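This report refers to the structure that appears directly beneath it.
Bear in mind these aren't lab numbers, they're just calculated from the coordinates by the rules spelled out. Keep in mind that this is a model prediction, so the values were computed, not measured. Note: ideal-geometry Cβ built from the backbone for every residue, glycine included; neighbour counts use all protein chains shown.
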Amino acid sequence: MARVSRVVAHQSVEEVKQKLAETKYAWQQKWLIIYNAMVDPREAQEIALHTGTSVWTVHKVISKYNRYGAAAIETVGKGGRRNCYLSWQQEQEFLAPFFEQASLGEITTVAVIQKSFEERIGEVVDAATIYRLLQRHGWRKLVPRPHHPKGDLSEQEEFKKTSSHESKRCWQPVLTAIPDQC
């Protein structure tokens with residue numbers, strides 16, 4: 001016979017019901033496991049079947065609840081930016097002057113933004129940090145088409161005027177029928 005899963009009474013049944021009613025799905029499922037173990041202690045396999053979770057999850061939730069109480073259930077959760085230099089709003093405020101410069105047609109480089117960012121936070125950061133910052137806020141790298149430093153624009157225009165029309169024509173492949181092979 002398997003062990004009966006029980007919980008330590010850190011909270012009353014009414015408090016657990018209240019938490020169950022007011023929390024989001026991931027934590028609601030955990031509170032449902034705790035509620036089941038409080039009201040009707042039984043094997044973890046039966047609680048898992050009733051709550052739609054795995055036996056491992058039932059064991060883990062009950063164990064953590066027994067050790068740490070409600071704080072073990074109400075965790076921060078997965079995902080998110082917890083290790084950031086600035087909040088989203090602070091990043092927007094930081095980038096605002098650069099957006100204004102860009103709207104006036106001025107060119108802003110990552111090196112300039114990086115230097116300003118490092119002055120603001122007081123730490124040295126990698127250029128990849130700045131690229132990710134810009135990507136988060138919808139910036140993308142736009143670079144003018146390359147040109148040769150010794151190139152003469154007047155000579156290029158003259159060449160365009162005097163070149164033959166055949167060189168301007170697009171290449172079009174000739175389609176031929178391939179005989180069927182039996």
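Check off (1) under 20 Å from Gln11 (Cβ atoms); (2) among the charged types (D, E, K, R); (3) loosely packed, with under 13 Cβ neighbours inside 10 Å for Lys60 and give me the number that stays unchecked.
(3)
When you look at Lys17, is it surrounded by fewer than 18 Cβ atoms within 10 Å (Cβ to Cβ) and in a helix (DSSP H, G or I), yes or no?
Numbers: surrounded by fewer than 18 Cβ atoms within 10 Å (Cβ to Cβ): yes; in a helix (DSSP H, G or I): yes.
Here the answer is yes, as Lys17 does meet what is asked.
Which of the residues that make up the stretch 14-28 are farther than 17 Å from Gly79 by Cβ and not β-branched (Val, Ile, Thr)?
Once the filter is applied, which keeps residues that are farther than 17 Å from Gly79 by Cβ and not β-branched (Val, Ile, Thr), the stretch 14-28 yields Glu14, Glu15, Lys17, Gln18, Lys19, Leu20, Ala21, Glu22, Gln28.
May I ask you to list the residues in the stretch 64-119 that are charged (D, E, K, R) and either under 30 Å from Lys30 (Cβ atoms) or assigned to a loop (DSSP other than H, G, I, E, B) (or both)? Break it down into steps so the answer makes sense when it comes.
Kept after step one, since they are charged (D, E, K, R), are these residues of the stretch 64-119: 64, 67, 74, 78, 81-82, 91, 93, 100, 106, 115, 118-119.
Across the stretch 64-119, the qualifying residues are Lys64, Arg67, Glu74, Lys78, Arg81, Arg82, Glu106.
Filter the stretch 41-57 down to residues that are surrounded by fewer than 16 Cβ atoms within 10 Å (Cβ to Cβ) and closer than 21 Å to Glu22 by Cα and give me whichever is nearest to the chain's Cα centre (by Cα).
Gly52
How many residues does the stretch 120-155 hold that are closer than 27 Å to Gly80 by Cβ and part of a helix (DSSP H, G or I)?
From the stretch 120-155, those closer than 27 Å to Gly80 by Cβ are 120-141; that's our starting set.
After this cut, where a residue has to be part of a helix (DSSP H, G or I) as well, the list is 120-121, 127-136.
Qualifying residue count for the region: 12.
Could you tell me whether Ala111 is touching a helix residue (DSSP H, G or I) at 6+ places or on another chain (Cβ under 7 Å), aliphatic (A, V, I, L, M) and farther than 18 Å from Arg136 by Cβ? Talk me through it step by step, then tell me what you get.
Working: touching a helix residue (DSSP H, G or I) at 6+ places or on another chain (Cβ under 7 Å): no; aliphatic (A, V, I, L, M): yes; farther than 18 Å from Arg136 by Cβ: yes.
No.
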